[in-house]
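Data first, discussion second: the structure below is written as structure tokens.
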Amino acid sequence: MTAASSSTRDVLLTCPLDCPDACRLKVTLATGADGVERMSKVTGDPGHETTRGFACAKTVHYPARQNHPDRPLYPMKRVDGELVRVSWEQALDEIADNLKGILDRSGPSAVLRYNYAGTMGLREGTHVHSFFRALGACELDETICASAGTEAWSLGYGPRYGVDMADVPHARTIVLWGINSLSTNSHLTPWLTEARRNGAKIWHVDPYRNRTSRFADTHLRLKPGTDTALALGLAREIVAQGWHDAEYLDAATEGFGEFLAAAQPYTLERTAELTGLSVPEIAELARAMGERGPTFIRVGYGMTRHENGGTALRAVSLLPAVTGDWKRRGGGCTLSTSGAFALNRSHLGAAHLVKPSARHVNMNELADALQPEAGIEALFVYNTNPAVVAPDSTRVRSGMARPDLMMVVLEQAMTETARLADYLLPATTFAEHADLYTSYGHHSLGYNPATLPAPGEARPNSWVFAELGRRLGLDTPELYWSMDELMAALLDTDHPYLAGVTPERLKAEGSVPLNLPDEFLPYAHGAGTPSGRVMFTPVPGYVPVQAQLTPEYPLRLITPPAHHFMNSTYGNVEYLNRAEGNEPQVMVHPQDAGAAGVQHGGYATLGSEQGRVRRRVHVTEDVQPGVVVVEGTWWGLSAPDGQSINALTAQTLTDLGGGSTFHNTRVHLRPG
Ligand SMILES: Nc1nc2c(c(=O)[nH]1)N[C@H]1C(S)=C(S)[C@@H](COP(=O)(O)OP(=O)(O)OC[C@H]3O[C@@H](n4cnc5c(=O)[nH]c(N)nc54)[C@H](O)[C@@H]3O)O[C@H]1N2
Ligand SMILES: Nc1nc2c(c(=O)[nH]1)N[C@H]1C(S)=C(S)[C@@H](COP(=O)(O)OP(=O)(O)OC[C@H]3O[C@@H](n4cnc5c(=O)[nH]c(N)nc54)[C@H](O)[C@@H]3O)O[C@H]1N2
Ligand SMILES: [Mo]
């Protein structure tokens, strides 16, 4: 081996993936015998406050996806049913010509972007929407993940602020509610452990037992979709015992009287009946929240993925206002920390160009939007894999295959969406393009320079849309902004949280903490609502899930994230597939397995009102009777029937925010 072939260097880069942790990664680059530098190893930056030197069980395997043999490296075009290599010139010219035709014939509302947070980078993730805003194309309502929670939080509190992770060790009662944080927010764990060393007790509120339940001191295995009842029951008990903070309620909130009146029917007994928990379990949690503060509640999006999920999150997130925990360091609730990133977003993605008359498409309703009568003629997919992750995926896939639809996919991986493209355009990864990253779990901005050469002919999303913009003669300046121009625009604000955060510092330091006050207690004296107070009204009343279980559909299916996957991002990495058991499995309680006549280790068919999938059966008491769980949005290619789990899920929207309802599905289970 020559010296060059074995030379390595380490760089620090922000993880781009859709996860609250937004880690600072230590990435080892190795120069191969061919003289080309490649990513060879990923760990965490020991110097970053929340990354603390470790990368999660998924991202340590990023090099395997970065260097994957199937990674698309050249533009491809569908010819006679097959994807064949073409030049960038040809691909871009043809896409632009087709688009001109569609715009002339049918106008911009026949053009739809479909994107999500495959990269959380503000440039490659969000600013690229400028192209579609310049065209006046459909606005995509980005609802697949967080919109029910965002809307719920905003009704109560305004912008989303959370408890700084470093304050968590001050908490004495911790409730992980509707979140499997050991898998999905794993950099919270060291802070939880520290809190526990300081005497904290940890609860997990979740319908099934997973890593987080095993870590917690107490697992409350409630029935899915009943969180509002539990929150109201806890609030009633806290007040009945005099553990509420009358002073805080009076000074900082509005509507508590109405809220309390609505909570009155939720006695411990009634709450127990509705949630499937016991009276002592509920009473003990109420006592811990009321007497053993500060209480920190980490809410996840899990409880929001039901028809009544927005209300649930609203009810739960208001509990710290009942106990006055917002006044105490380590007390309060975190859904997301994103509100603290008070960037100037007015021209991000040319948002200022969106007209009130623009056609909107809710991304959870992609299956409908791709039906011929909906009039979408061009679909651009980037930063997401909808053939796998969107609800009602069988109809999504058949819509994508429509011969009269031009589907352009920008991808880093040969996903099932990419395989359906008419034009597949190879995208760069976070190590190959520059970008700026916020976080929804901590309080630092991250900047990455373009560090590795793009392999083959891979290009950043922003390059592709600028090239298309030129071909269409678009003169929107934002579409052509450099990274520096974008950073300057985003930081053009005098918000105190961004004081001292400059492009120069971001470039020099890579990770720059926001300028938060030493004691960050964002709702200690009120909230960012129009009234300036924490709002208990409109009262979050408990409404049971409409899609009740029936003899035909006797089981509730929950499809939460898997420990070794990041949504669909690592679905093609063999090692991670193996770590999850090589194929998706359905967890079934012994009682339900017996009733359905299915065997542990055998196959079963799950059927819903939308479709059917075949899965291997795992009989376990980790799930409660009446609930089945399939972890992970596996690629259909890893499943015995080639189907995504979303062949079963519906486009049903949440009560608030038009959100997704992935955990709402009712199913039956049959052998075979
Ligand atoms: N049944 C069920 N379905 C679900 C969920 C569930 O819990 N259950 N979860 C839902 C949730 S919360 C979410 S957020 C969605 C997430 O679903 P997705 O958005 O599909 O998931 P990701 O894995 O974040 O990213 C998808 C793709 O983005 C690509 N990508 C990353 N960076 C770039 C880039 O710079 N350029 C381009 N062009 N592409 C890039 C990756 O290669 C990857 O294939 O899934 C939803 N679907
Ligand atoms: N390892 C890993 N980490 C990830 C991801 C991943 O795919 N894998 N995805 C990332 C993304 S995009 C997101 S949005 C987050 C999501 O991360 P989370 O917020 O943790 O995930 P959720 O799907 O919201 O589900 C969390 C838990 O809610 C539970 N749940 C379901 N229904 C109910 C209910 O009615 N009440 C209550 N109390 N709990 C319920 C589920 O059983 C599950 O254990 O994770 C991010 N991090
Ligand atoms: Mo998500």
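Working only within region 275-319, note down all residues that are of a type in the set (S, T, N, Q), part of a helix (DSSP H, G or I) and either within 16 Å of ligand 3 (Cβ to nearest atom) or over 30 Å from residue 390 (Cα atoms) (or both). Working first, answer last.
From region 275-319, those of a type in the set (S, T, N, Q) are 275, 278, 295, 304, 308, 311, 317; that's our starting set.
Right, trim to part of a helix (DSSP H, G or I) and you get 275, 304, 311, 317.
Hit for region 275-319 is 304, nothing else.
Which condition does residue 153 not pass, out of (1) within 30 Å of residue 528 (Cβ to Cβ); (2) out of contact with any Lys or Arg (no Cβ under 8 Å at 6 or more places or on another chain), if it passes all the others?
(2)
Just to be sure, is residue 212 outside the structural domain of residue 632 (by TED's automatic domain parsing) and more than 16 Å from ligand 3 (Cβ to nearest atom)? Give the derivation first.
Values: outside the structural domain of residue 632 (by TED's automatic domain parsing): yes; more than 16 Å from ligand 3 (Cβ to nearest atom): yes.
Yes, satisfied.
Collect the residues in region 560-592 that are within 16 Å of ligand 1 (Cβ to nearest atom), polar (S, T, N, Q) and under 23 Å from residue 69 (Cα atoms), keeping them in residue-number order.
The answer is 567, 568, 569, 572, 577.
Being in contact (Cβ under 8 Å) with a residue 40 or more places away in the chain, in a loop (DSSP other than H, G, I, E, B) and out of contact with any strand residue (DSSP E or B) (no Cβ under 8 Å at 6 or more places or on another chain) is the requirement here; does residue 542 meet it?
Numbers: in contact (Cβ under 8 Å) with a residue 40 or more places away in the chain: yes; in a loop (DSSP other than H, G, I, E, B): yes; out of contact with any strand residue (DSSP E or B) (no Cβ under 8 Å at 6 or more places or on another chain): yes.
Yes; evaluated as a whole, the condition is true for this residue.
I'm told residue 536 meets every condition in (1) within 16 Å of ligand 3 (Cβ to nearest atom); (2) closer than 29 Å to residue 248 by Cα; (3) among the aromatic types (Phe, Trp, Tyr) except one. Can you identify the failing condition by its number?
For residue 536, the failing item is (1).
Out of the residues in region 196-230 that are farther than 25 Å from residue 547 by Cβ and among the aliphatic types (A, V, I, L, M), state the one that is nearest to ligand 1 (Cβ to nearest atom). Step through it out loud before you land on a result.
Taking region 196-230 and keeping what is farther than 25 Å from residue 547 by Cβ, we get 196-204, 211-219.
Right, trim to among the aliphatic types (A, V, I, L, M) and you get 200, 202, 216.
Details: 200: 28, 202: 23, 216: 21 Å.
Looking at the filtered set, the residue picked out is 216.
For residue 524, work out the one condition from (1) within 16 Å of ligand 2 (Cβ to nearest atom); (2) out of contact with any Asp or Glu (no Cβ under 6 Å at 6 or more places or on another chain); (3) closer than 30 Å to residue 233 by Cα it doesn't fulfil.
Against the list (1) within 16 Å of ligand 2 (Cβ to nearest atom); (2) out of contact with any Asp or Glu (no Cβ under 6 Å at 6 or more places or on another chain); (3) closer than 30 Å to residue 233 by Cα, residue 524 comes up short only on (1).
Per-residue answers, yes or no, for (1) farther than 30 Å from residue 302 by Cβ; (2) of a type outside the set (Val, Ile, Thr); (3) outside the structural domain of residue 124 (by TED's automatic domain parsing):
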position: 21; (1), (2), (3): no, yes, yes
position: 36; (1), (2), (3): yes, no, yes
position: 82; (1), (2), (3): yes, yes, no
position: 86; (1), (2), (3): yes, no, no
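For region 245-277, give me each residue that is among the small types (Gly, Ala, Ser) and within 32 Å of the chain's Cα centre (by Cα). Walk me through it before giving the result.
First, pick out the residues of region 245-277 that are among the small types (Gly, Ala, Ser): 246, 251-252, 255, 257, 261-263, 272, 276.
Scanning region 245-277 gives 252, 255, 262, 263, 272, 276.
When region 10-25 is examined, which residues are found to be in contact (Cβ under 8 Å) with a residue 24 or more places away in the chain, more than 12 Å from ligand 2 (Cβ to nearest atom) and surrounded by fewer than 24 Cβ atoms within 10 Å (Cβ to Cβ)? Don't jump to the end; show me each part of the working.
Within region 10-25, the subset in contact (Cβ under 8 Å) with a residue 24 or more places away in the chain is 11-25.
Narrowing the set further to residues that are more than 12 Å from ligand 2 (Cβ to nearest atom) leaves 11-14, 16, 24-25.
Within region 10-25, 11, 12 qualify.
Would you be able to say whether some residue in region 268-283 is touching a strand residue (DSSP E or B) at 6+ places or on another chain (Cβ under 7 Å), touching a residue at least 60 places away in the same chain (Cβ under 8 Å) and acidic (Asp, Glu)?
Here is the first cut: in region 268-283, the residues touching a strand residue (DSSP E or B) at 6+ places or on another chain (Cβ under 7 Å) are 277, 281.
Applying the additional criterion that residues be touching a residue at least 60 places away in the same chain (Cβ under 8 Å) yields 281.
In the following step, the residues that additionally are acidic (Asp, Glu) were identified as 281.
There is at least one residue in region 268-283 that is touching a strand residue (DSSP E or B) at 6+ places or on another chain (Cβ under 7 Å), touching a residue at least 60 places away in the same chain (Cβ under 8 Å) and acidic (Asp, Glu).
Could you pull out the residue among 384, 337 that is within 23 Å of residue 181 (Cα to Cα), touching a helix residue (DSSP H, G or I) at 6+ places or on another chain (Cβ under 8 Å) and of a type in the set (S, T, N, Q)? Working first, answer last.
Details: 337 fails: touching a helix residue (DSSP H, G or I) at 6+ places or on another chain (Cβ under 8 Å).
The unique qualifying residue is 384.
Which residue, of 571, 581, 601, is within 13 Å of ligand 2 (Cβ to nearest atom), out of contact with any Cys (no Cβ under 6 Å at 6 or more places or on another chain) and not hydrophobic (A, V, I, L, M, F, W, C)?
Working: 581 fails: within 13 Å of ligand 2 (Cβ to nearest atom); 601 fails: within 13 Å of ligand 2 (Cβ to nearest atom).
Sole residue among the options that is within 13 Å of ligand 2 (Cβ to nearest atom), out of contact with any Cys (no Cβ under 6 Å at 6 or more places or on another chain) and not hydrophobic (A, V, I, L, M, F, W, C): 571.
Among the listed residues 446, 441, 399, identify the single one that is farther than 18 Å from residue 63 by Cβ and either modelled with pLDDT under 95 or within 16 Å of ligand 2 (Cβ to nearest atom) (or both).
Details: 446 fails: either modelled with pLDDT under 95 or within 16 Å of ligand 2 (Cβ to nearest atom) (or both); 399 fails: either modelled with pLDDT under 95 or within 16 Å of ligand 2 (Cβ to nearest atom) (or both).
Only one candidate passes the filter, namely 441.
Got a sec? Which of 226, 275, 271 is in the same structural domain as residue 303 (by TED's automatic domain parsing), at pLDDT 95 or above and within 16 Å of residue 317 (Cα to Cα)?
Values: 275 fails: within 16 Å of residue 317 (Cα to Cα); 271 fails: within 16 Å of residue 317 (Cα to Cα).
Unique residue meeting the criteria: 226.
Could you list, in sequence order, the residues of region 629-672 that are of a type in the set (Ser, Thr, Tyr), buried (at least 24 other Cβ atoms within 10 Å of the Cβ) and part of a loop (DSSP other than H, G, I, E, B)?
The first filter runs over region 629-672 and keeps only residues of a type in the set (Ser, Thr, Tyr), leaving 633, 638, 644, 649, 652, 654, 660-661, 665.
When the remaining residues are screened for being buried (at least 24 other Cβ atoms within 10 Å of the Cβ), the result is 633, 644, 649, 654, 660-661, 665.
Of everything in region 629-672, those that are of a type in the set (Ser, Thr, Tyr), buried (at least 24 other Cβ atoms within 10 Å of the Cβ) and part of a loop (DSSP other than H, G, I, E, B) turn out to be 633, 644, 649, 654, 660, 661.
Need pairs with beta-carbon distance below 6 Å; first residue within 23 Å of residue 470 (Cβ to Cβ) and within region 80-95, second among the β-branched types (Val, Ile, Thr) and not in a helix (DSSP H, G or I); sequence gap 6+ or separate chains.
That search, which allows pairs on different chains as well, returns 95/408.
Is it the case that some residue within region 320-329 is assigned to a helix (DSSP H, G or I), more than 12 Å from ligand 1 (Cβ to nearest atom) and farther than 22 Å from residue 538 by Cα?
Let us first name the residues in region 320-329 that are assigned to a helix (DSSP H, G or I), namely 320-323, 325-327.
Right, trim to more than 12 Å from ligand 1 (Cβ to nearest atom) and you get 320-323, 325-327.
Imposing the further condition that a residue be farther than 22 Å from residue 538 by Cα reduces the set to 327.
Within region 320-329 (the criterion being assigned to a helix (DSSP H, G or I), more than 12 Å from ligand 1 (Cβ to nearest atom) and farther than 22 Å from residue 538 by Cα), the answer is yes, since at least one residue qualifies.
State yes or no: is residue 194 outside the structural domain of residue 320 (by TED's automatic domain parsing) and either within 10 Å of ligand 2 (Cβ to nearest atom) or more than 21 Å from residue 340 (Cβ to Cβ) (or both)? Write out each step before concluding.
Details: outside the structural domain of residue 320 (by TED's automatic domain parsing): no; either within 10 Å of ligand 2 (Cβ to nearest atom) or more than 21 Å from residue 340 (Cβ to Cβ) (or both): yes.
When the stated conditions are applied, residue 194 does not pass them.
Has region 305-316 got any residue that is more than 20 Å from residue 541 (Cα to Cα) and hydrophobic (A, V, I, L, M, F, W, C)? First the steps, then the outcome.
Just the residues of region 305-316 that are more than 20 Å from residue 541 (Cα to Cα), to begin with: none.
No, region 305-316 contains no residue that is more than 20 Å from residue 541 (Cα to Cα) and hydrophobic (A, V, I, L, M, F, W, C).
Looking at region 486-507 only, could you name the residues that are loosely packed, with under 15 Cβ neighbours inside 10 Å and out of contact with any strand residue (DSSP E or B) (no Cβ under 9 Å at 6 or more places or on another chain)?
Across region 486-507, the qualifying residues are 488, 492, 494, 496, 499, 504.
Please count how many residues of region 345-381 are under 22 Å from residue 126 (Cβ atoms) and either more than 24 Å from the chain's Cα centre (by Cα) or away from ligand 2 (no atom under 16 Å from the Cβ) (or both).
Residues in region 345-381 being under 22 Å from residue 126 (Cβ atoms) and either more than 24 Å from the chain's Cα centre (by Cα) or away from ligand 2 (no atom under 16 Å from the Cβ) (or both): 25 in total.
The values are calculated or read from the model by the stated rules, or taken from the named source; none is laboratory data. Predicted model only: the values in this text are computed from it and were never measured. Quick reminder, even Gly has a Cβ in these numbers, built from the backbone with ideal geometry, and neighbours come from all protein chains shown.
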